[in-house]
Amino acid sequence: MFPTKAALIAGAVFLLVNVSRADTIYFKNGMYMVVRKTEEKGAQIEYWVGSTKYSVGKNLVLRIQAGNGPAVTTRSAPTNGALPTDLTHRDAPTSSVTQHEKLQLPLLKGPKQDDAYWTGLRNRIMVGDGIDDMRLAEIEIQHDAKATGDAYYLAGVMEMQRGNSERASGYFEHAIRARPDEVQFLEWRGIALAAQGRYADATSDLERAIQLRPDSADLLRLLGLARYDADRTGEAVSAWKHALEISPDAYTERLLHKAERELAVEERSRRKESRHFTLHYQGDRTSSELQQQLLATMEDQYQDLARQFSYQPTENIIVILYTQREFVDITEAPSWAGALNDGKLRIPIGGVTGMNPELARVLKHELTHSFLQSLAAGHCPAWLNEGLAQMMEPRSSSMFAQRLAPLFQARKEIPFPMLEHSFTGFSDLQAQVAYAESLSAVEYFRDRYGMGEMLRMLQNIGAGTRTEEALERSTGQDYSAFERRVGEYLAKTASQ
Ligand SMILES: [Zn+2]
């Protein structure tokens with residue numbers, strides 16, 4: 001996401017507010033965070049935001065209470081000298097905060113691995129902690145389609161559970177070859193492919209699965225998600241409508257409603273393709289000159305990012321231009337968001353008649369998210385994602401180091417574990433601090449360890465390694481050591 005105004009930083013007591021959740025974690029630095037649930041595990045507190053699990057060191061936590069935090073949800077007054085000089089920002093709504101991550105196909109349950117049959121199969125294909133490809137191959141050459149299919153299916157499910165969708169889809173491929181009409185195998189491969197950003201391929205697997213089981217509402221829901229991500233909004237709408245006819249549910253209803261609003265804009269829009277992009281624009285508002293400029297700018301930016309990341313996303317990147325009003329209606333974005341990337345780049349462009357530096361920065365920022373989405377297979381934590389996107393704009397932390405350094409010195413920064421998930425629930429001020437910390441962290445990392453190490457860390461995260469563990473592997477530092485170093489880096493920048 002691209003913050004509209006991200007320049008100002010303050011030392012405030014931060015309230016991270018999100019409603020309709022059940023536990024509140026109070027941190028020693030004065031912040032609190034409302035989460036779905038918490039659990040103690042050794043020296044860590046594990047907590048859930050939506051269906052995603054995070055953890056934070058107990059040493060940072062003051063106490064945990066049930067409920068949605070203190071009754072008063074207004075922002076506290078800033079408490080130290082580094083006051084914000086600009087308080088004109090609107091507050092982000094503190095209720096009904098929506099998540100704007102890419103629509104992700106849910107993970108299915110998979111076989112009952114404690115059942116004797118599956119346990120036996122599991123023992124046959126595992127050596128130590130890992131799946132042994134030799135053992136799988138031995139099962140395959142015995143030409144028993146059931147055993148082969150199940151063994152590869154189980155291997156694929158286990159890899160998915162470890163977050164390694166690329167290996168998983170390879171295993172599902174073998175399973176499907178053994179038994180092409182097994183709906184579950186197709187369904188799982190569809191999910192694995194979608195996790196890698198290969199939505200068109202995921203769609204065709206799910207379409208085949210639907211042919212085999214035409215009245216499954218669950219399959220139709222998945223198919224809708226895959227089609228939606230593959231930029232086939234109209235067909236996504238029809239899959240979701242069909243699913244709702246079979247079995248109504250509120251979540252699909254909401255998706256359908258959003259997609260229908262998008263479709264209304266899409267129907268007024270035209271498409272233009274370039275080598276790596278599909279641009280949706282409204283002809284009466286976007287001159288052909290501006291279309292050309294947009295595509296040319298983004299192709300240049302694409303080349304630059306491909307070089308810096310040594311990587312190219314597999315599919316065309318979808319860019320949708322909106323008026324300001326359509327953007328707010330469709331994305332329900334918080335007030336501080338000036339553009340966003342939820343798998344598609346959604347850019348409000350009302351009134352712009354030609355390319356300008358600010359628009360170019362917005363595009364480069366959002367485009368970076370597209371690269372990271374596929375590079376880290378959807379697992380990129382927010383601080384790394386937003387830090388790199390800002391670095392590529394390019395933006396530098398030097399403009400706010402003066403104000404951010406004292407915050408780190410007072411140990412009142414937002415702890416990095418809390419910056420792993422979306423900033424969407426943050427207020428303006430919190431979001432500004434979150435973006436600034438993210439950029440500082442990424443800058444420090446690049447200066448100290450280089451871009452190559454950054455890529456290795458991203459790949460490790462993409463292969464299912466937890467972020468803090470990947471960070472430790474690359475830098476030898478856990479989050480708390482890393483935070484101290486980032487603070488020192490900012491203090492040094494501020495004194496220059
Ligand atoms: Zn962003």
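How large is ³J(HN,Hα), in whole Hz, for each residue of segment 120-137 in order, when computed from phi with the Karplus curve 6.51 cos²θ - 1.76 cosθ + 1.60 and θ = phi - 60°, using x for Gly and Pro?
x, 5, 4, 4, 5, 9, 9, 10, x, 8, x, 7, 9, 5, 5, 5, 4, 4
Given a 1.4 Å probe, how much area per residue of segment 292-450 is accessible, in Å²?
Ligands and nucleic acids excluded, the result is 31 Å² per residue.
Suppose the chain between Leu455 and Met126 were pulled fully straight at 0.36 nm per residue; how much longer would it get relative to their current alpha carbon spacing?
115.5 nm
Not counting ligands, DNA or RNA, and with a 1.4 Å probe, what is Lys272's accessible surface area in Å² rounded to the nearest 10?
50
Excluding Asn123 itself, what net charge comes from residues whose Cβ is under 12 Å from its Cβ, given Lys and Arg +1 and Asp and Glu -1?
Its environment carries a net charge of +2.
For segment 153-180, list residues with backbone N below 15 Å from a point placed 7 Å from the Cα of Lys146 toward its Cβ?
179
So what is the relative contact order for segment 372-496, in percent, with contacts set as C-alpha pairs under 8 Å and at least six apart?
40
Would you mind classifying segment 134-187 by shape? Square roots of the alpha carbon gyration tensor eigenvalues, ordered a ≥ b ≥ c; an a/c under 1.5 is rounded, otherwise it is prolate if a/b is larger than b/c and oblate if not.
In terms of gyration-tensor shape, oblate.
Quick check: at a probe of 1.4 Å, how many percent of the accessible area of segment 270-357 sits on carbon and sulfur atoms?
Roughly 46 percent, rounded to a whole number.
How many Å² of accessible area per residue for segment 116-268, probe 1.4 Å?
45
To the nearest 10 square angstrom, what accessible area does Asp132 show with a 1.4 Å probe?
Accessible surface of Asp132 is approximately 40 Å².
Gap in Å between the Cα centre of segment 371-415 and the Cα centre of segment 240-254?
Computed from Cα coordinates, the inter-centre distance equals 38 Å.
At a Förster radius of 30 Å, what calculated FRET efficiency corresponds to the Cβ-Cβ distance of Val328 and Leu62, to the nearest 0.05?
0.20
So which of Lys109/Lys412; Lys41/Lys412; Lys58/Lys364; Lys146/Lys241; Lys37/Lys109 end up more than 32 Å apart, counting from Cα to Cα?
Lys109/Lys412; Lys58/Lys364; Lys146/Lys241
When a/c reaches 1.5 or more, the comparison of a/b and b/c decides; with that in mind, is segment 270-357 rounded, prolate or oblate per its Cα gyration tensor?
Verdict is oblate for segment 270-357.
Can you compute the FRET efficiency between Thr353 and Ser396 using 1/(1 + (r/R0)^6), with r the Cβ-Cβ distance and R0 = 45 Å? Round to the nearest 0.05.
0.95
Give me the percent relative contact order of segment 270-357, please, defined on Cα pairs under 8 angstrom at least 6 residues apart.
32
Find the relative contact order for segment 219-375 and round it to a whole percent, using C-alpha pairs within less than 8 Å whose residues are 6+ positions apart.
19
For segment 399-496, rounded, prolate or oblate, judged on the Cα gyration tensor with a ≥ b ≥ c (square roots of eigenvalues), a/c < 1.5 rounded, else prolate if a/b > b/c?
oblate
The values are calculated or read from the model by the stated rules, or taken from the named source; none is laboratory data. The structure displayed is predicted, hence computed values, not measured ones. Positions of Cβ are backbone-derived with ideal geometry, glycine not excepted, and every protein chain shown enters the neighbour counts. For accessibility, only protein heavy atoms count, side chains too; no ligands or nucleic acids. Shrake-Rupley method; radii C 1.70, N 1.55, O 1.52, S 1.80 Å.
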